Amino acid sequence: EYIGWFFQFAFAATAATIVAGTVAERCKMAAYLCYSVFLTGFVYPVVVHSIWSSSGFLSAFNNDPFLGVGNIDFAGSGVVHMCGGATALIAAIVLGPRKGRFTDADGNPLETPHTFPAHSVALQILGTFILWTGWYGFNPGSALVIANNDSAATSALCAVTTTIAAAAGCVTCMFTDTIIDAYYTGEASYDLTCAMNGCLGGLVAVTAGCPVYKPYIALFVGMIGGWAYLFFSKFLIRMRIDDAVDAIPVHLANGMWGVIAVGFFASPDEMAVAGYNSEHCGLFFGGGGNLLGAQVCGVAWILAWVTCVMTPFFMALNWLNMFRVDPLEEEVGLDISHHRGAAYDYSGPKEEDVQELMEERASKHGKVEVPKEVAQAAEEAEEEVAVPVKKEPIDAVDIEQTA
């Protein structure tokens, strides 16, 4: 019981944090707390029960599974990522974009949307690798136990397919963006944001079917995941929907792709080892359309449930003026307006303190500290020498008098 509680706690928290990234820089803390409680306490549990519980109407482990096979979502492409991604999309639409993202100060549409620079790309990359590492608990860990050869093989296969899909999504997304940029500008550049989010897109995409894919299938699923992120991100910008960290393309778009991909590529051999009904395998492995139908129904069910529940919830928050911060607070920044101070101190040390430190260190290394008065006099003397002196002609009389 304790293991089950902690397992679901981690997945529910993941769904909530997806939304936080999308609405960053303009969402009130009170609204964050409200939707986190509502999403994890009511919306997510209904989704997870319907697909993962043995009594869920879409569960593959039901005694009478839907369409004879049920919905296969091993580690949560739909249950976790689609749920959080769909919630984030609704929140972004109701909340609206950040100031200056798509309009100027007078409210006129910008020809090119403004891009807010990242605080630290190095920390972004570090965070991406931390997530990638954590995914090995997400996917192989969803085997729950390693108690026999089948469970060990399932967990090991999950680790392999997870790694391949992440790498494929990263490389595919970055180089596709590079090719597109080079086509329009004539110059090749490499966007690390595309590499990072493409990696995460590949991870999300493979999460549903990681135990039922052969490794080469994971490569293909990850590649499509990189493309899904890239083009859905551009679609959001075209639709003037502001996602601060591109969580919607990563989690919603790739969550949908990940669930549907199982219906095409689930291998019967791997399904049998993982404990699924291998008679209804993926469409490309000759299993007919039952599994694909169950996967599509799972996507439709999650979208419908989240949309019908979270849309009025966010609209109510907005109507009660509990959702978006004041424009001045947004301009100043939520660190200062909501959290009692800036997260980073950019003021720097006093110049005179730095000068004193340098002089002190210089004296410790055997150098004589020159008094300020002496140094000032030396500077004035140098300036006088540097000034050119006009020479007057001297006649003979002057020379004799001088003599």
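The values are calculated or read from the model by the stated rules, or taken from the named source; none is laboratory data. All figures in this text were calculated on a predicted structure; none of them were measured in a lab. Using ideal geometry, Cβ is built from the backbone for each residue, glycine included, and neighbour counts are taken over all protein chains shown. The area values use the complete protein model at the heavy-atom level, side chains included, leaving out ligands, DNA and RNA. Shrake-Rupley method; radii C 1.70, N 1.55, O 1.52, S 1.80 Å.
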Revision key, fill the gap. Counting sequence-distant residues (5 or more places) and residues on other chains, those with an amide H built under 5 Å from that of R324 are K28
Review point. Residues with amide H under 5 Å of N71's amide H, sequence separation 5 or more or different chain, H placed in the peptide plane at 1.01 Å from N; which?
Key: S59, A60, F66
Practice item. For the range 298-344, state the average projected area of the convex hull of the C-alpha atoms over all orientations, rounded to one decimal in nm². Key: 5.1 nm²
Check your understanding: Taking N as the number of residues in the range 131-185, what is its Cα Rg relative to 2.2 N^0.38 Å?
Key -> 1.63
Revision key, fill the gap. log10 I(q)/I(0) for the range 37-105, Debye formula on C-alpha points only (no solvent), q = 0.15, 0.28 Å⁻¹, two decimals, reads -0.58, -1.15
Point to revise | Sequence of R26, R238, R361 from largest to smallest accessible area, 1.4 Å probe | key: R238, R361, R26
**Study point:** Kirkwood-Stokes translational diffusion coefficient of the range 87-216, alpha-carbon pairs, 37 °C, 0.692 mPa s, µm²/s
**Key:** 188 µm²/s
Check your understanding: For T103, which sequence-distant residues (separation of 5 or more, or a different chain) have an amide H within less than 5 Å of its own amide H, given hydrogens modelled in the peptide plane?
Key -> L110
Check your understanding: Over the Cα atoms of the range 261-355, how large are the radius of gyration and the largest Cα-Cα distance (Dmax), in Å?
Key -> 26.7, 78
Study note, to complete from the structure: Per residue, accessible area of the range 123-206 with a 1.4 Å probe, heavy atoms of protein chains only, in Å², comes to 48 Å²
Point to revise | Kirkwood-based shape ratio for the range 191-350, expressed as Rg/Rh from alpha carbons | key: 1.13
Exercise for review: Please work out how much accessible surface S189 shows to a 1.4 Å probe, ignoring ligands, DNA and RNA, in Å² rounded to 10.
Suggested key: 60 Å²
Practice item. Could you quote the convex hull projected area for the range 67-120, Cα atoms only and averaged over all directions, in nm²? Key: 7.0 nm²
**Study point:** Inverse mean reciprocal Cα-Cα distance (Kirkwood Rh) of the range 251-305, Å
**Key:** 11.3 Å
Review point. Using a simple charge model, +1 on the beta-carbon of Lys and Arg, -1 on the beta-carbon of Asp and Glu, nothing else, what dipole does the chain show about its Cα centre, in debye to the nearest 20?
Key: 2660 debye
Check your understanding: Lys pairs in the chain, Cα-Cα under 24 Å, at least 8 apart or on separate chains: how many?
Key -> 6
Practice item. For M174, M310, M322, M358, write out the residues from largest to smallest accessible area, computed with a 1.4 angstrom probe and no ligands counted. Key: M358, M322, M174, M310
Exercise for review: Would you check the accessible area of I93, probe 1.4 Å, heavy atoms only, in square angstrom rounded to 10?
Suggested key: 100 Å²
Check your understanding: Can you pull the percent of the chain's accessible area that's carbon plus sulfur, 1.4 Å probe, other chains left in place?
Key -> 63 percent
Revision key, fill the gap. Largest-first ranking of I224, I146 by accessible area, probe 1.4 Å, whole protein assembly kept, is I146, I224
